[in-house]
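Have a look at the structure below, then the notes.
The values are calculated or read from the model by the stated rules, or taken from the named source; none is laboratory data. Worth saying up front: this structure is predicted, and the values here are computed from it rather than measured. Ideal geometry is used to build each Cβ from the backbone, glycine not excepted, and the neighbour counts take in all protein chains shown.
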Amino acid sequence: MAYEFEFAPVLEYTDLLLKGAFFTIALTAVGAVFGIGLGIIGAVCRAWRLQPFAALFAVYVELIRNTPFLVQLFFIFFGLPSLGIHIGEWEAAVLAMVINLGAYSTEIIRAGIASVPKGQLEAAASLAMNRYESFRYVVLRPALQTVWPALTSQVIIVMLGSAVCSQIATEELTFAANFIQSRNFRAFETYFITTAIYFAIAIMIRQLMLAIGKRYISGRLS
């Protein structure tokens with residue numbers, strides 16, 4: 001018997017899908033801001049060998065990059081309460097995304113910093129730039145210009161990975177899709193629409209990151 005597609009039972013839950021999409025975008029936004037910020041700190045410590053922080057970040061990066069995101073999430077949500085640290089689903093999801101993105105951003109940005117010629121620092125010193133100006137304009141900005149496409153891709157990967165946050169009942173997009181499918185039993189239609197929404201969010205993030213890069217990273221010094 002041929003399968004009959006029915007999208008109406010899924011579209012009845014449009015408000016729930018939109019709410020889940022908003023949660024996913026919010027998780028990604030917070031994770032991106034703090035994750036990249038953490039990555040900048042880690043990259044500077046590792047690139048300039050600022051001990052003992054360089055060693056601590058080295059351990060942190062290897063630990064996060066070599067363990068599954070789902071295990072990291074479970075450790076934060078289920079493991080920390082054993083130590084008396086109780087956090088909600090939203091906070092656990094945000095913390096897991098920040099920690100995960102921070103580790104990958106550290107290595108991505110460190111590669112960008114390593115690509116900056118040392119002669120540029122000497123030129124900055126000859127122009128009487130102070131240490132902050134030299135770091136901002138001569139080190140960090142060119143480094144981010146170099147690795148911005150890689151950072152953009154990593155943010156999108158983390159956004160897609162946020163789907164596992166549904167395992168701790170974080171009300172993001174996949175959680176909403178699972179709930180809808182359990183009510184209408186239209187698995188194909190439900191996850192087809194969910195896939196389309198994830199694709200749209202990914203495209204939106206890529207365009208937004210491109211705009212940010214052009215405006216604040218590749219634009220004129222200000």
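The number of residues in segment 164-183 being surrounded by fewer than 18 Cβ atoms within 10 Å (Cβ to Cβ) and either in contact (Cβ under 8 Å) with a residue 60 or more places away in the chain or closer than 23 Å to Gly79 by Cα (or both) comes to 4.
Yes/no matrix, rows are residues, columns are (1) crowded, with 17+ Cβ neighbours inside 10 Å; (2) touching a His at 6+ places or on another chain (Cβ under 9 Å); (3) aromatic (Phe, Trp, Tyr):
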| residue | (1), (2), (3) |
| --- | --- |
| Phe7 | no, no, yes |
| Gly20 | yes, no, no |
| Val30 | no, no, no |
| Gly37 | no, no, no |
| Gly42 | yes, no, no |
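Inspect all residues belonging to segment 145-156 and state whether any of them is touching a helix residue (DSSP H, G or I) at 6+ places or on another chain (Cβ under 8 Å) and at pLDDT below 90. Yes, the conditions are met somewhere in segment 145-156. Restricting segment 44-63 to residues that are part of a helix (DSSP H, G or I) and of a type in the set (Phe, Trp, Tyr), the residue that is surrounded by the most Cβ atoms within 10 Å (Cβ to Cβ) is Phe57. Would you call Phe34 within 15 Å of Leu95 (Cβ to Cβ), in a helix (DSSP H, G or I) and touching a residue at least 12 places away in the same chain (Cβ under 8 Å)? It is true that Phe34 is within 15 Å of Leu95 (Cβ to Cβ), in a helix (DSSP H, G or I) and touching a residue at least 12 places away in the same chain (Cβ under 8 Å). Over 20 Å from Val147 (Cβ atoms) and in a helix (DSSP H, G or I): does that describe Phe5? So Phe5 does not fit the description; no.
Can you work out which of the residues in segment 184-222 that are among the polar types (S, T, N, Q) and surrounded by fewer than 18 Cβ atoms within 10 Å (Cβ to Cβ) is modelled with the lowest pLDDT? Going through the qualifying residues, I end up with Ser222. Selection of segment 171-208 for residues being over 16 Å from Thr24 (Cβ atoms) and under 19 Å from the mean Cα position of the chain (by Cα) yields only Gln207.
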